[in-house]
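Have a look at the structure below, then the notes.
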Amino acid sequence: MERMPVKNNIESIFTEYSPRLLGYIRSQVDSLEDAEDILQDVFYQLARTSDDGMSEIERVSSWLYKVARNSVLNFWRKKRAVSLDTEDAVCEDIAQTLFCSPQDAPDTVLLRKLVWQELDIALSELPSEQSEVFCLSVFDGMAIKEISSATGIPAATLLSRKHYAVKYLRKRFHNLYDALISQT
């Protein structure tokens with residue numbers, strides 16, 4: 001489709017594109033319910049666009065997939081933020097990684113909080129592209145191939161970004177480790 005008036009064609013656009021969009025979104029998220037919510041958000045944004053006076057979209061398919069991709073990325077960002085804010089969820093998702101245990105001594109709990117705070121700070125210091133691919137792959141368990149599919153960024157580029165993020169974080173946490181050891 002070349003140019004399509006949006007306002008009067010939302011129903012036909014939905015009918016034509018929703019099955020394929022749902023399939024794409026479903027391949028990027030874990031549950032059908034989440035995929036359906038994201039699809040609903042995509043078409044909500046389409047309706048808002050038509051209400052904002054943008055009466056035509058040049059390439060409807062491209063526009064819809066771009067919005068879907070961005071909505072999926074936002075979904076994963078929100079999910080990551082929730083899991084980082086909830087210490088219990090962190091313990092369940094990344095159990096054993098940062099010495100999580102319900103029986104931890106108070107000093108271990110404090111140390112764990114310090115490590116998570118430092119990780120949050122270190123991730124914010126990274127370029128957003130590096131931080132994003134690191135978090136999506138490590139915390140959310142997405143494969144580089146999945147991230148590539150969702151973002152349209154080549155897998156090699158994503159691997160490179162993740163490599164630089166890991167390299168920076170290793171250096172950063174090595175310095176934190178040295179600081180903690182020198183205090184004991």
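A few comments on the model shown:
- When VAL115 is tested against (1) farther than 29 Å from ARG26 by Cα; (2) open to solvent by 50 Å² or more (accessible area, probe 1.4 Å); (3) at pLDDT below 85; (4) not basic (Lys, Arg), just one condition goes unmet, and that condition is (2).
- ILE153 being modelled with pLDDT of 90 or more, out of contact with any Pro (no Cβ under 9 Å at 6 or more places or on another chain), within 20 Å of ALA68 (Cβ to Cβ) and open to solvent by less than 50 Å² (accessible area, probe 1.4 Å): yes
- Residue that is modelled with the highest pLDDT [pool: residues in the stretch 165-184 that are within 26 Å of the chain's Cα centre (by Cα) and open to solvent by 90 Å² or more (accessible area, probe 1.4 Å)]: LYS167
- From SER148, SER128, SER160, residue being crowded, with 16+ Cβ neighbours inside 10 Å, of a type in the set (Ser, Thr, Tyr) and modelled with pLDDT of 85 or more: SER148
- Among the candidates VAL60, VAL67, VAL6, residue that is aliphatic (A, V, I, L, M), at pLDDT 85 or above and touching a helix residue (DSSP H, G or I) at 6+ places or on another chain (Cβ under 9 Å): VAL67
- Those residues of the stretch 29-57 which are modelled with pLDDT under 80 and outside any helix (DSSP H, G or I), in sequence order: ASP52, GLY53, MET54, SER55, GLU56, ILE57
- ALA81 modelled with pLDDT under 85, small (Gly, Ala, Ser) and over 14 Å from the mean Cα position of the chain (by Cα): no
The values are calculated or read from the model by the stated rules, or taken from the named source; none is laboratory data. Owing to the predicted nature of the structure, the values given are computational and were not obtained by experimental measurement. When we count neighbours, we look across all protein chains shown, and the Cβ atoms used for this are built from the backbone with ideal geometry, even at glycine. The area values use the complete protein model at the heavy-atom level, side chains included, leaving out ligands, DNA and RNA. Shrake-Rupley method; radii C 1.70, N 1.55, O 1.52, S 1.80 Å.
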